[in-house]
1. Is there any pair linking a residue in region 252-264 that is free of Cβ contacts under 8 Å to residues at least 40 places away in the same chain and closer than 11 Å to GLY292 by Cα to one that is surrounded by fewer than 18 Cβ atoms within 10 Å (Cβ to Cβ) and not aliphatic (A, V, I, L, M), with Cβ under 7 Å and at least six apart or on different chains, and which?
2. Among the residues of region 358-385, which ones are surrounded by fewer than 24 Cβ atoms within 10 Å (Cβ to Cβ), near the ligand (Cβ under 10 Å from one of its atoms) and either of a type in the set (A, V, I, L, M, F, W, C) or under 16 Å from THR321 (Cβ atoms) (or both)?
3. Restricting to region 328-342, give me the number of residues that are under 24 Å from GLN101 (Cβ atoms) and crowded, with 23+ Cβ neighbours inside 10 Å.
4. Among the listed residues THR313, THR333, which satisfies the condition of being within 12 Å of the ligand (Cβ to nearest atom) and among the β-branched types (Val, Ile, Thr)?
5. Return the residues of region 136-164 that are more than 26 Å from ARG62 (Cα to Cα) and free of Cβ contacts under 8 Å to residues at least 12 places away in the same chain; say none if nothing qualifies.
6. Tell me, which helices (runs of 4 or more DSSP H) wholly within region 334-383 include 1 or more residues that are β-branched (Val, Ile, Thr) and under 22 Å from ALA277 (Cα atoms)?
7. Out of everything in region 370-412 that is of a type outside the set (Gly, Ala, Ser) and in contact with a strand residue (DSSP E or B) (Cβ under 8 Å, 6 or more places away or on another chain), what residue ends up being modelled with the highest pLDDT?
8. Taking PHE264 as the residue in question, decide whether it is more than 13 Å from the ligand (Cβ to nearest atom) and in contact with a Pro (Cβ under 6 Å, 6 or more places away or on another chain).
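The values are calculated or read from the model by the stated rules, or taken from the named source; none is laboratory data. What you are looking at is a predicted structure, and each value in this text was computed from that prediction instead of being measured. Methodologically, a virtual Cβ is constructed for each residue, glycine included, from the backbone with ideal geometry; neighbour enumeration extends over all protein chains shown.
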Amino acid sequence: MLLGLILGIIAIPLGANQLVSDYIKPFGTIFLNLLKLVAMPLIFASLVTGIAGMTDVGKLSRIGIKTIAMYLITTLLAVTIGLSLVSLIKPGSYFSDDRRQEFVSKYSLDISSRQQAAESITQDSPLQFLVDIVPENIVQAASSNTAMLQVIFFALLFGIALVLVRNPKVEVVNNFIQGLNEVILKIVEIIMFFAPFGVFALMASLIVDFAGDSLSSSLQLFASLGMYALTIIIGLIFIIVIVYPLFLKIISGTGFGKFYKSMFPAQLVAFSTSSSAATLPVTMKQVESELGVHEDISGFVLPLGVTINMDGTSLYQAVATVFIAQVFGIDLTFSQLLTILLTATLASIGSAGVPGAGVVMLIIVLNSVGLPVEGLALILAIDRPLDMLRTVVNVTGDATIAVCIAKSEGKLEA
Ligand code: ASP
């Protein structure tokens with residue numbers, strides 16, 4: 001990653017941007033494609049294996065409820081931390097009126113497509129999200145990486161039925177999926193062999209893309225949004241350094257050092273891909289082989305977490321919303337802050353684990369408290385680096401809960 005960063009930085013003054021885009025970037029894309037390629041079959045096989053490993057449906061629903069409850073608690077905590085920090089630091093007060101005009105005119109075009117996406121979500125019935133979880137055709141659902149929740153639904157149904165049938169005839173199905181799971185995990189191992197090259201290529205091309213033709217003007221942009229970015233970064237660090245270690249220590253007894261050492265490879269991949277879904281294969285591998293979480297638990301908790309548990313994203317959405325209100329000089333009431341708490345939690349659950357998903361859902365949070373969507377113009381320019389960071393937190397949060405649930409079920413190896 002460091003080498004990629006250095007290459008990106010020296011490529012710009014040397015005018016080698018195109019060279020990096022033409023000859024280095026494709027290797028990053030190949031690595032990303034490999035991860036995406038394996039994500040869907042991995043979710044299916046690991047969820048079914050995880051569920052089939054449970055002896056009864058009662059146990060499954062207990063673990064299910066526990067997992068969702070812990071995911072909700074950490075997300076609510078993250079939003080609360082975000083709201084507290086942004087109210088305390090007030091990053092919006094460092095942003096001048098002129099700057100605001102400049103940003104609004106520069107980025108207004110970028111907003112419209114995202115606004116359309118968010119509009120189509122808000123026009124639906126409030127229960128549309130439930131309808132969306134149930135696919136009408138599993139092949140169609142499995143053919144798109146954005147329909148992960150639908151595949152999860154089918155896998156849950158499939159796994160539960162498998163547990164309920166339990167007769168010699170279905171043993172062959174059970175064995176087949178367990179075998180499939182092992183094959184896919186091997187594929188993940190093979191892909192991980194290329195991870196250093198993939199991460200190198202992704203970093204170099206990200207730097208070149210972000211900086212465009214001039215690194216210094218990009219850095220200037222970053223500086224003008226410095227307090228906003230800093231607020232989010234402080235919040236994310238707080239979650240990583242204080243919140244998760246507390247959960248780990250109290251519930252599972254796992255130490256800070258061991259946990260982060262084990263998670264580091266997954267965090268690097270999350271950072272360079274900005275996608276928790278693409279990182280899932282790596283997260284699973286690390287959580288099982290390094291942290292000792294039993295497959296039954298990780299196979300259930302992690303795929304679910306990738307789609308519904310996004311602590312980094314929810315913190316970011318809370319900070320961004322209040323930041324935009326501050327820049328536009330709008331005072332938020334306590335009940336509006338509560339609305340943000342609720343909608344940011346739901347919006348993060350609804351965000352897919354792909355790059356930039358959090359921004360689209362942010363529009364819904366902005367709408368919920370009547371803030372101008374033009375405010376997005378202020379933050380779009382530096383969204384990518386912040387997306388990289390929040391994805392690291394999203395992935396780490398899933399792993400934290402997986403370890404805690406495993407411990408509480410006696411499925412954590414020493
Ligand atoms: N990129 C994030 C993820 O994949 C989602 C987001 O906040 O945009 O976890």
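1. Short answer, once both residue conditions are applied: SER262/GLU290.
2. Of everything in region 358-385, those that are surrounded by fewer than 24 Cβ atoms within 10 Å (Cβ to Cβ), near the ligand (Cβ under 10 Å from one of its atoms) and either of a type in the set (A, V, I, L, M, F, W, C) or under 16 Å from THR321 (Cβ atoms) (or both) turn out to be VAL360, ASP383.
3. Total meeting the criteria: 0.
4. Matching residue, one of THR313, THR333: THR313.
5. Passing the criteria: GLU136, ASN137, VAL139, GLN140, SER143, SER144.
6. Of the helices (runs of 4 or more DSSP H) lying wholly inside region 334-383, those with at least 1 residues that are β-branched (Val, Ile, Thr) and under 22 Å from ALA277 (Cα atoms) span 334-350, 357-368.
7. If we take residues in region 370-412 being of a type outside the set (Gly, Ala, Ser) and in contact with a strand residue (DSSP E or B) (Cβ under 8 Å, 6 or more places away or on another chain), then VAL403 is modelled with the highest pLDDT.
8. Taking the combined requirement at face value, the residue does not satisfy it.
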